[in-house]
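Every number here is computed from the coordinates shown, using simple stated rules; none is lab data. Note that the coordinates shown come from a computational prediction; the quantities given were computed from them, not determined experimentally. Cβ placement follows ideal geometry from the backbone for every residue including glycine, while neighbour counts extend to all protein chains displayed.
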Amino acid sequence: MGAITGTLARPQLLVLGRHDSAGRLRAVGRTVPLRPDVARQVAEHLTAACPGHPWTGVTFASAWGSRDVLDVTLVRPELVAEVSADRAIDQGVFRHPLRFQRFRAEMHPMQVPKFEELGAPCG
């Protein structure tokens with residue numbers, strides 16, 4: 001995870017990323033709006049981004065194919081989020097919003113499959 005909408009105390013949705021094989025954090029999608037109880041749980045784990053965040057100056061579309069821009073707050077990209085998603089993936093990016101399930105505290109972001117592997121056939 002690399003950004004949120006809303007505030008650190010009351011996140012509204014998450015903007016998620018994966019590292020590519022060169023180590024760059026690439027945006028892969030956003031979640032549906034968080035329920036209030038989930039937003040409170042998520043807020044407990046968020047930390048504001050330090051200078052030099054990989055997404056500094058990057059803009060994110062509010063929806064697939066939209067020109068409307070999300071107003072995001074960058075966060076430290078140290079958390080791994082488990083999400084549920086459909087299979088609509090275009091060039092490594094989920095076309096539809098994701099559903100946040102939980103944080104995976106036992107995982108480091110570099111343990112997540114690389115950006116290039118997103119949408120690759122299994123097996």
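Could you tell me what % of all Cα pairs in segment 1-91 have separations over 16 Å? For segment 1-91, the share of Cα pairs beyond 16 Å comes to 54 percent. The mean sequence distance of close C-alpha pairs (under 8 Å, at least 6 residues apart), as a share of the length of the chain, puts its relative contact order at 29 percent.
In terms of surrounding Cβ atoms within a 10 Å radius of their Cβ, VAL58, VAL15, VAL83 rank from fewest to most as VAL58, VAL83, VAL15. A simple rule links phi to the HN-Hα coupling: the Karplus curve 6.51 cos²θ - 1.76 cosθ + 1.60 with θ = phi - 60°, which for segment 41-48 gives 5, 4, 4, 4, 9, 7, 9, 4 Hz, with x for Gly and Pro. Secondary-structure-derived ellipticity at 222 nm for the chain, considering helices only, amounts to -1500 deg cm²/dmol, per-run term -39500 (n - 2.57) for DSSP H runs with n ≥ 4. Of the trypsin sites (Lys or Arg not before Pro) found in segment 1-64, those in coil by DSSP whose Cβ has at most 16 other Cβ atoms within 10 Å are ARG24. Residues VAL32, VAL72, arranged from fewest to most other Cβ atoms within 10 angstrom of their Cβ, appear as VAL32, VAL72. A cut-off under 15 angstrom between Cβ atoms defines the neighbours of TRP55, and their net charge, with Lys, Arg +1 and Asp, Glu -1, is +2. Using the Karplus relation 6.51 cos²θ - 1.76 cosθ + 1.60 with θ = phi - 60°, the per-residue 3J(HN,Hα) values for segment 51-57 come to x, x, 3, x, 9, 4, x Hz, with x marking Gly and Pro. Residues whose amide H comes within less than 5 Å of that of ARG30, counting only those at least five positions distant or on another chain, are LEU16, LEU98 (H built at 1.01 Å from N in the peptide plane).
Whole-Hz Karplus values for segment 26-34 come out as 10, 5, 10, x, 9, 8, 5, x, 7 Hz, taken residue by residue from phi with 6.51 cos²θ - 1.76 cosθ + 1.60 and θ = phi - 60°; glycine and proline positions read x.
Comparing GLU44, GLU78, GLU106 in a Gaussian network model of the chain, where Cα atoms under 10 Å apart are tied by springs, the biggest mean-square fluctuation is seen for GLU106.
Distant-in-sequence amide contacts of HIS19, defined by a placed amide H-H separation under 5 Å and a gap of 5 or more residues or a different chain, comprise ARG26, PHE115.
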